[in-house]
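The values are calculated or read from the model by the stated rules, or taken from the named source; none is laboratory data. None of the values given here were measured: they were computed from a predicted structure. All Cβ positions, glycine included, derive from the backbone under ideal geometry; neighbour counts span all protein chains shown. When the accessible area is computed, the model is the full protein with side chains, heavy atoms only, and any ligands, DNA or RNA have been set aside. Shrake-Rupley method; radii C 1.70, N 1.55, O 1.52, S 1.80 Å.
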Amino acid sequence: MTSSSSDATETALGLKRRARRIGRVLTETHPDAHCELDHSNALELAVATILSAQSTDKKINEVTPTLFARYRTAADYAGADRTELETLIRPTGFFRNKTDSLIKLGRALVERYDGRVPAKLADLVTLPGIGRKTANVILGNAFDVPGITVDTHFQRLVHRWRLTAETDPVKIEHAVGALYEKRDWTMLSHRVIFHGRRVCHARKPACGACTLAKLCPSYGTGPTDPALAAKLLKGPRARDLAVAAGVDPELVPAQAVAAEVP
Ligand code: SF4
């Protein structure tokens, strides 16, 4: 077996080493990785993550400045005028359900946590609108408690890398968490998600312009020709991503650089 592939013979140690290498390459590839939902405290992040369901982070970031200026505390959400709140968050979709969640979240925080967002997973997951994925986002980014965020990108990529065959998000979280240092979990999650949004897309991954080509058993799922792959890179750093993968940045068209990251 070469280090470029993973198969049934890969040992547990081999898997861990390859996983760590993938982690290091991702660190170099995405130095700008961060939580893409704008926020300045735990409440804002909780609200933004609730709004982000079935929407894009870009859309949420357009809506939240006005929202956060108007609603500053859990009590503000608890006592919100439903129609006003619905109007503010309407562009994010499913605004009636989300309004419901935000008002209930505000009430639960006021009634049970003195208006503050708790810093424990077990408490967070009892709050309306907050599942385990959202709780981990909040822990990692607002409280510096390491957490792995298993969203759709994370699931797809760890499967492509064959870091785990688990399909249940909680099992994926534990299986992948065991391969990395706990202190790296939050940033690893951001980097994996960055890679999923910019390079390793669901339908056409940019394999020929991917820094992980040598470590990825799914190399070839998307085009391997650099000229074709370079067109699939996305976002303002698309040309840097090409350079990092050893691909001529001139092959990256302007549309790729201007493309909205999903
Ligand atoms: S080589 Fe292809 S499948 Fe593997 S991580 Fe890169 S883009 Fe994704």
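Remarks
- Candidates His39, His159, His174: whichever shows maximal mean-square fluctuation once the chain is modelled as a Gaussian network with Cα springs under 10 Å: His174
- Highest mean first, the peptides 184-195, 16-27 sorted by other C-beta atoms within 10 Å per residue fall in the order 184-195, 16-27.
- Equivalent ellipsoid semi-axes, region 109-260, via Cα gyration tensor eigenvalues times 5, rooted, Å: 34, 17, 12
- Coordinate range along principal axes, alpha carbons of region 33-173, Å, largest first: 48, 30, 24
- Pairwise FRET efficiency - Asn61 versus Ala119, Cβ, R0 = 25 Å, nearest 0.05: 0.55
- Its convex hull of Cα atoms gives region 197-262 a direction-averaged projected area, equal to a quarter of the hull surface, of 3.7 nm².
- With kT/(6 pi eta Rh) evaluated at 10 °C and eta = 1.306 mPa s, and Rh the Kirkwood radius from Cα pairs, the chain diffuses with a coefficient of 81 µm²/s according to Stokes-Einstein.
- Candidates Leu212, Leu13, Leu85, ranked by Gaussian network fluctuation over the chain, Cα under 10 Å, top entry: Leu13
- With contributions of -39500 (n - 2.57) from each DSSP H run of at least four residues, the per-residue ellipticity at 222 nm computed over the chain stands at -15500 deg cm²/dmol.
- Overall dimensions of region 1-80 by Cα: Rg and Dmax, Å: 20.2, 61
- Each part reduced to its alpha carbon centroid, region 4-60 and region 134-211 end up 4 Å apart.
- Where a label projected 7 Å from the Cα of Thr126 along Cα→Cβ would reach, residues of region 99-113 with amide N under 13 Å: 108-113
- Per residue, in Å², the accessible surface of the chain once ligands and nucleic acids are set aside, probe 1.4 Å: 49 Å²
- Packing-based ranking of 105-112, 130-137 yields 130-137, 105-112, ordered from highest to lowest mean Cβ neighbour count within 10 Å.
- Of the accessible area of the chain, computed with a 1.4 Å probe over protein heavy atoms only, carbon and sulfur atoms account for 52 percent.
- Charge sum, other residues only, whose C-beta stays under 12 Å from Lys104's C-beta, Lys/Arg counted +1 and Asp/Glu -1: +2
- The Cα-based radius of gyration and maximum Cα-Cα distance (Dmax) for region 53-113 are 11.2, 32 Å.
- Nearest 10 degrees, 0 to 90: helix 95-113 Cα axis against the chain principal axis: 70 degrees
- In degrees, nearest ten, helix 132-142 long axis to first principal axis of the chain (Cα): 90 degrees
- Residues Glu250, Glu173, Glu84 ordered from highest to lowest accessible area at a 1.4 Å probe: Glu250, Glu84, Glu173.
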